[in-house]
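Following: one structure in structure tokens, then a few remarks.
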Amino acid sequence: MDAKSRTDALGYNILIVGLAGSNRGDDAIAECMSSDIQRHFPTSTVSLFAVRPPRNCHPDVITHIIHRRSLRFHAQLWRAISKADVVIIGGGSIIQDKFGAGYIRSVMGLFYEVSFITRLLGKKLVTAPIGVDQLETERGRQIAAAILSRCDMIALRDELSQQQLRKVFPDMPSQVYTDPAFCFPNVSFEPKKHLVVSPALEGKDEDYIIAVNAAAITAYLEAYPDHTATVVAMDDRKQEDGGKIIHVYDQVPAHLRRRVKLCIPSSAREAAALIRSGSHLFGMRLHAVILA
């Protein structure tokens with residue numbers, strides 16, 4: 001019996017814990033991983049914890065909502081990990097402390113809890129190909145070390161992430177693969193004379209980012225009088241792109257604004273169709289570039 005036959009016969013329980021729900025890049029990652037695992041190992045059970053489940057996951061994927069203030073969520077998480085043969089955390093930039101580093105509320109806080117429970121229950125823990133940002137605080141480095149040291153395998157999405165990892169944890173083994181969103185399926189679109197702009201409005205250097213994106217739109221529309229532009233919010237949260245792309249629009253000269261639209265796509269597929277429909281892309285969000 002070959003490896004695939006053994007896997008199909010056993011029917012593994014695979015648990016994915018990620019951040020899908022507010023960011024279309026994270027949605028694309030979760031959709032690709034969960035659906036591809038389900039297709040390749042159809043007798044296995046695939047469960048996904050997400051902020052909001054992606055709209056186009058494989059129908060057999062079992063989805064759960066991450067609600068960290070709810071005791072019910074933590075009980076569900078324990079049960080899911082206890083039943084899992086392997087737990088996958090990520091993808092996306094889950095090792096980062098630029099928005100705070102804590103054991104409870106931060107991005108890494110969630111994965112600290114997941115890794116702690118997984119190791120306590122003696123389960124296999126691996127990362128999806130993840131991003132590792134520069135860690136700026138001692139607490140951030142401590143939490144990251146705890147998470148990653150509990151992993152049986154660390155998969156990274158690019159060489160830059162591996163360089164960042166080695167700066168802080170030089171002896172920690174890792175492998176570079178590729179971002180799961182590169183496996184995102186083709187979507188239909190109608191090519192247009194159109195610029196798609198994807199700013200990353202995360203609370204850092206925002207005035208500069210807004211000005212640069214508005215300048216890019218202005219230069220494009222002045223160079224191509226018969227073209228249009230769309231500013232896309234890859235993250236729909238009000239404190240990020242979703243609530244701030246209007247400021248890019250406001251900085252475009254008034255006589256050009258009628259050729260500019262704002263869009264907050266509700267799914268990764270809608271985002272991909274929009275991005276791929278343009279003749280040009282000015283992208284700051286990594287997954288806007290990947291989905292192009």
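A few comments on the model shown:
- Rounded to the nearest 10 square angstrom, residue 119 shows an accessible area of 90 square angstrom against a 1.4 Å probe.
- Mean separation of Cα contacts under 8 Å, 6 or more apart, over the residue count of the chain: relative contact order %: 16
- Apportionment of accessible area to carbon and sulfur, the chain, percent (1.4 Å): 53
- Around the amide H of residue 86, modelled in the peptide plane, lie the amide H atoms of 13, 15, all under 5 Å away and 5 or more residues distant in sequence or on another chain.
- Here the chain carries DSSP beta bridges of which approximately 5% are antiparallel, counting only pairs with both residues inside.
- Probe 1.4 Å - accessible area at residue 132, Å² to nearest ten: 10
- Global form of the range 130-247, assessed from the alpha-carbon gyration tensor, a/c cut-off 1.5: prolate
- Spin-label model, residue 175 to residue 58: label points 7 Å out along the Cα-to-beta-carbon direction sit 2.0 nm apart.
- Farthest toward the positive end of the dipole of the range 133-237, out of 218, 196, 183, is the Cα of 183, where the dipole comes from beta carbon charges about the Cα centre.
- Residue 224-residue 138 FRET efficiency (beta carbon distance; Förster radius 30 Å; 0.05 resolution): 0.05
- The range 141-256, accessible area per residue, ligands and nucleic acids excluded (1.4 Å, Å²): 52
- Dipole-positive endmost among 13, 122, 107 within the range 1-123 (Cβ charges, Cα centre): 107
- Legend: translational diffusion of the range 19-80 by Stokes-Einstein, Rh = Kirkwood radius over C-alpha pairs, 4 °C, 1.567 mPa s; D = 108 µm²/s.
- Stokes-Einstein D in µm²/s, Kirkwood radius over Cα pairs - the chain at 37 °C with 0.692 mPa s viscosity: 163
- Amide H to amide H distances under 5 Å link residue 176 with 156, where only residues 5 or more positions off or on other chains count and H is placed in the peptide plane.
- Each principal axis of the Cα cloud of the range 144-193 was taken in turn, and the coordinate range along them, longest first, works out to 49, 22, 16 Å.
- Sequence of 202, 31 from largest to smallest accessible area, 1.4 Å probe: 202, 31
- Heavy-atom accessible surface of the range 1-120, averaged per residue, reaches 46 Å², computed with a 1.4 Å probe.
- Here the contact order of the range 42-173, divided by its residue count and restricted to Cα pairs under 8 Å and six or more residues apart, works out to 20 percent.
- Nearest 10 degrees, 0 to 90: helix 138-149 Cα axis against the chain principal axis: 50
The values are calculated or read from the model by the stated rules, or taken from the named source; none is laboratory data. Bear in mind that the values here come from a model prediction, so they are computed numbers and not experimental data. Cβ: placed from backbone, ideal geometry, glycine included. Neighbour counts: every protein chain shown. Heavy atoms of the whole protein, side chains included, go into the accessibility calculation; ligands, DNA and RNA do not. Shrake-Rupley method; radii C 1.70, N 1.55, O 1.52, S 1.80 Å.
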